[in-house]
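Scroll down for the structure; my scribbles are underneath it.
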Amino acid sequence: MDRVKSSMQQVPNPIPKVLSRRTGGANSLEVEKENFERSQAVSINKAINTQEIAVKEKHARTCILGTHHEKAAHTFWAAVNRLPLSSNAVLCWKFCHVFHKLLRDGHPNVIKDSMKNKADLTDMSRMWGHLSEGYGKLCSIYLKLLITKMEFHIKNPRFPGNLQMSNRQLDEVGENDVNNFFQMTVEMFDYLECELNLFLAVFSSLDMSRSVSVTAAGQCRLAPLIQVILDSSHLYDYTVKLLFKLHSCLPAETLQGHRDRFQEQFKKLKSLFYRSSNLQYFKRLIQIPQLPENPPNFLRASALSEHISPVVVIPAESSSPESEHVVETEDLVDTDIPPQPAVVETRFDDLFGAATDPFNFNSQNGMRRHADDKDRLIQQLTAEIQALREELETFRIESGRLCQALRGRVSELEAELAEQSHLKQQALGESEFLRAELDDLRRVKEDTEKEQRSLTEIEKKAQANEQRYTKLKEKYTELVQSHADLLRKNAEVTRQMTVARVAQDEVDSVRREMQEKVKAAQDASEQQEKAQLEQLQGLQAELHSSRTELEILKGSVMSSQKSSEEISTQLSALELEKVELVASVSKKEAELASIGEELERVQNSLATERESGVKAAEALQNQLNEKESREQALESQLEAQRWGALEGALEEAGRIIQDCLSQLDDPTHISCTSSADYLLSRCQAAVECVERLQAARDGFQADSTGVSELVQAVTQFAHQVGDTIIQGSATSHMVPVDQADELSSSVKACGAEALALLVQLRDRDTLATADSSKLKEVLEGIKATAEKLRPRGLELKQGELGEMVEQEMASASEAVESAAARIEEMLNKSRAVDTGIKMEVNERILASCTDLMAAIKVLVLSSKDLQSDIVESGRGAASMKEFYAKNSRWTEGLMSASKAVGWGATVLVDAADLVVQGKGKFEELMVCSHEIAASTAQLVAASKVKADKGSPNLARLQQASRGVTQATAGVVASTKSGKSQIEETDTMDFSSMTLTQIKRQEMDAQVLVLELETRLQKERERLGELRKKHYELAGVAEGWGEQEEGTG
């Protein structure tokens, strides 16, 4: 990532300006993402196509940079999933090449993101494996290699994608544990085996008699081998180092299989490296190392110092293999010793005298002594010469070792130089990518403006469509209402007889009421006339009495005249109303006469319908009798078919078990192996199937219609018992002879008892007396044998599991107590600060949370007591630590549930605190209460899975669980009531708003509704993805995938 950042800093100045403008609006991020996805899709489609040519480096480099930019491989897989990889072999081959490059040089998250598509890659490999030649076979082998590489990196996450590690990092991966190094060596052997298989498959598909490496088709097949050579060199180096480390810790006999497998792979790898180095295509792209003549001798520890790590060098594109600098040994160390004639000659003269007087005739007495000195000097010189020769040989060996070390150093420096060149090319490619992205941003800006204008038009059309939809909806509602009215009118016809009598009474009462109203109106009019006359007389008296109020009296006279006119108008209106009432009375009488006629017609129609109903009832009775006779015949046929289906299922089950028994004698089955743990799980499943078969048999006897459950039980019984037989035989291949014979005989006895039980079930006479107790005894015996064969865990692991269980349960209890204390503190603060409705709501919510914490505390204590009973009743003679280690999955489930309870209590208290302070949401508190209820349910399920049904602690635990459920419901109910109580205080007042303001508010409300609906849909999708990821991570943590073990 540092290299990517440094390369991004070398981009010219216009890029930061564009980036600063990009952050100006929310749409710029979407535009940037769209441009990135478009450029990645273009590069992926250019790199992965149907042309039979090698993948261009620049397109693959763009894909690699895209993963580092995105920090994932989602865009790559989104583009690849749209390609028809299953229909074109060349397209699939080039996809494998690009994907291999991404796994090596892409972002580390590429491996994790690609594991989601492992099943699709496996299916594709199996599909292409049906072809025996061409690219189909190569694609199948290459896909298996990529799957193996992903699995290796998932199991060993410390290994980078390019497999480049130092010796110290390699030791840290093994954690100084010989078992880890042993397993890692086996995985590297498998990994290297897949690499070699692809190597051999590519070479066998080429015609080596011609220069295939210079043709486009040949280069298309050879190009992926560069990645294979890079991986193989590192795998070979790490395998050698790990084997030397294993030989220093384990006996040589134990590692004989490792040595044999290494010898075989060494020969293949050496031959393939030699053949590859002679191809013209590889000479200009990669410098392939040559392996030593003989493989390392792992039985000699000093041979590790002679091992030289093979280094693959990728030269720069501008250089050629002929122009590369080659360092010769003679240039580094001169192993020749120059002659020294002068020194030797001087030393000879000093010892034997000058050449002018070789014989000394004057000193005859000292001749013998001088000869002895010569002999001693000759011996001394001979010894010195021998020592010099040994020193020379040592010097030559040391110089050779130094030469080899210098050659290795030169190769490393060349590799570093090539890596720097590669980084430079990546930086240039990234610069080009950013320039292209800048151009795309400019184009996208223009497109965005156009889309904004079109968006406005679309919104207008959407509003028109919404109005049209509203009108159609109203019309549809009217049609439904009219249809309902017609149905009600049809029902009221039968009640019109009673209604007619009631209508007559109503008409009489209405007539009396009308007469009373007319009289009352006449009396009121007379009283009003008298009152007006009296008022007129008073006004005339006031006119004579006061001259000063003349104008006011004139106005009063005018008003009195107007009121008299109004009174006359009212009188005329009353007369008209009287006329109308008389007319309505006559109309009611006419309606009454018509209703009487309608009543007669209804009575006639009822008589006619009664006669037709009697005839229809007789016809229906005849049809019912015929139907009963047909049902009896069909019931007999159905009974025969049920028994036939049951017999067919029993026959098929017998054939399945017989086939499993026949496989035990198959010689090819000897290579199949299995583990005791897996056999134990299969035996448990078989016992459950036998019990289910017994229950289904009893149900079938009570009710013969339940044959489907019995057929399902028979089918599952056959498969589970057959699987137990196969797994038992496979497990016997991994244990000593005595235990293997015992297990084999038990498995065969299981098959015989299962066949006998099926024979009893096939006969109707013996169906009720079929006994499965013997089969259960045999299965229990197999379980006991498998239990003995299970490996025991280490004491340290046992102690850690026991302590971790106690710690997690104690942590859960402490979290619950702390949550209760915090709730009490919040309640006191709320009482001191809040008043009115808010204080009432807060007290009710916190009280329900306090009840929930108390219920959870009781549940945790009950779970502790139940676990103690389980451990005491299930451990037997073993210790508590051994019991936890033996039931590690159950123990991990308890710890996970305890963590979830403590976390849920803490989150609930935080949510309640925010709600009380007015900063949180009531919905968060309800979600937290549901989450803690789910966590406690998980704890109950994990606690009761191994408990006895009659245990009193189990009953208390179940009672505590129901208390938690009720307390959770109380929290939700108090939260909902408090929310509604607070929301009722906020009333909506539109009395002061004008028509335009109301219309504006209505439009704003519609916009807000649409936005909230869109956000709701997105949040639901996000919730689904979060749940998928949670289940995936929970499966990895709990080891769900490890429960499915094969017999291969």
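The values are calculated or read from the model by the stated rules, or taken from the named source; none is laboratory data. Fair warning: this is a prediction, and the values are worked out from it, not measured in the lab. Positions of Cβ are generated from backbone atoms using ideal geometry, with glycine treated the same way; all protein chains shown enter the neighbour counts. Areas reflect the complete protein model, heavy atoms only, side chains present, ligands, DNA and RNA absent. Shrake-Rupley method; radii C 1.70, N 1.55, O 1.52, S 1.80 Å.
A compact table of results
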read-out: Test: residue in the stretch 148-168 that is at pLDDT 90 or above, of a type in the set (Lys, Arg) and within 22 Å of Lys94 (Cβ to Cβ); value: yes
read-out: Residues of the stretch 377-404 classified as closer than 21 Å to Ser302 by Cβ, in contact (Cβ under 8 Å) with a residue 40 or more places away in the chain and hydrophobic (A, V, I, L, M, F, W, C), total; value: 3
read-out: Residue match in the stretch 275-294 (condition: in contact with a Cys (Cβ under 9 Å, 6 or more places away or on another chain), open to solvent by less than 40 Å² (accessible area, probe 1.4 Å) and on the phi < 0 side of the Ramachandran plot); value: no
read-out: Residue pairs meeting the criteria (Cβ under 6 Å; at least 6 apart or on separate chains; first open to solvent by 70 Å² or more (accessible area, probe 1.4 Å), in the stretch 692-712; second in a helix (DSSP H, G or I)); value: Arg692/Ala713; Glu709/Ala696
read-out: Glu1002 vs. criteria modelled with pLDDT of 75 or more and open to solvent by 40 Å² or more (accessible area, probe 1.4 Å); value: yes
read-out: Pair list, Cβ under 6 Å, 6 or more apart: the stretch 442-459 residue within 10 Å of Val31 (Cβ to Cβ), other residue surrounded by 11 or more Cβ atoms within 10 Å (Cβ to Cβ); value: Val444/Val31; Val444/Asn35
read-out: Sole residue being acidic (Asp, Glu), open to solvent by 30 Å² or more (accessible area, probe 1.4 Å) and closer than 26 Å to Leu423 by Cβ, chosen from Glu32, Glu133, Glu52; value: Glu32
read-out: Failed item, numbered, when Leu279 is tested on (1) modelled with pLDDT of 90 or more; (2) under 24 Å from Asn197 (Cβ atoms); value: (1)
read-out: Evaluation of Glu70 against (1) touching a helix residue (DSSP H, G or I) at 6+ places or on another chain (Cβ under 7 Å); (2) buried (at least 19 other Cβ atoms within 10 Å of the Cβ) (one fails), failing number; value: (1)
read-out: Cβ-Cβ under 6 Å pairs, at least 6 apart or on other chains, the stretch 661-675 side open to solvent by 40 Å² or more (accessible area, probe 1.4 Å), far side in a helix (DSSP H, G or I); value: Gln663/His669; Thr673/Ala730
read-out: The listed residue being surrounded by 11 or more Cβ atoms within 10 Å (Cβ to Cβ) and either out of contact with any Phe, Trp or Tyr (no Cβ under 9 Å at 6 or more places or on another chain) or assigned to a helix (DSSP H, G or I) (or both), out of Arg610, Arg642; value: Arg642
read-out: Residues satisfying the stated conditions in the stretch 229-257, i.e. touching a residue at least 60 places away in the same chain (Cβ under 8 Å) and under 37 Å from the mean Cα position of the chain (by Cα); value: Ile229, Leu230, Asp231, Ser233, His234, Leu235, Tyr236, Asp237, Tyr238, Leu242
read-out: Pick from the stretch 787-830, criterion open to solvent by 40 Å² or more (accessible area, probe 1.4 Å), of a type in the set (S, T, N, Q) and modelled with pLDDT under 75, ranking: farthest from Leu680 (Cα to Cα); value: Asn828
read-out: Among residues of the stretch 73-96, those that are in contact (Cβ under 8 Å) with a residue 40 or more places away in the chain, buried (at least 22 other Cβ atoms within 10 Å of the Cβ) and of a type outside the set (A, V, I, L, M), counted; value: 5
read-out: Complete set of residues in the stretch 270-286 that are hydroxyl-bearing (Ser, Thr, Tyr) and without any contact (Cβ under 8 Å) to a residue 24 or more places away in the chain; value: Ser271, Tyr274, Ser277
read-out: Residues (open to solvent by 40 Å² or more (accessible area, probe 1.4 Å) and under 38 Å from the mean Cα position of the chain (by Cα)) located in the stretch 770-786; value: Glu780, Ala784
read-out: Residues of the stretch 929-980 that turn out to be surrounded by fewer than 20 Cβ atoms within 10 Å (Cβ to Cβ) and not basic (Lys, Arg), as a count; value: 24
read-out: Filter pass, Gly1039 being on the phi > 0 side of the Ramachandran plot, of a type in the set (Gly, Ala, Ser) and at pLDDT below 75; value: yes
read-out: Of the criteria (1) open to solvent by 20 Å² or more (accessible area, probe 1.4 Å); (2) modelled with pLDDT under 90, which one Ser7 fails; value: (1)
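So that you can scan it fast, the table gives a plain yes or no per residue for (1) surrounded by fewer than 20 Cβ atoms within 10 Å (Cβ to Cβ); (2) at pLDDT 85 or above; (3) β-branched (Val, Ile, Thr):
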position: His719; (1), (2), (3): yes, yes, no
position: Gly722; (1), (2), (3): no, yes, no
position: His733; (1), (2), (3): yes, no, no
position: Pro736; (1), (2), (3): yes, no, no
position: Leu743; (1), (2), (3): no, no, no
position: Cys750; (1), (2), (3): no, yes, no
position: Ala756; (1), (2), (3): yes, yes, no
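Conditions (1) in a helix (DSSP H, G or I); (2) of a type outside the set (Asp, Glu); (3) free of Cβ contacts under 8 Å to residues at least 40 places away in the same chain, marked per residue:
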position: Arg259; (1), (2), (3): yes, yes, yes
position: Glu264; (1), (2), (3): yes, no, yes
position: Lys268; (1), (2), (3): yes, yes, no
position: Ser302; (1), (2), (3): yes, yes, yes
position: Ser309; (1), (2), (3): no, yes, no
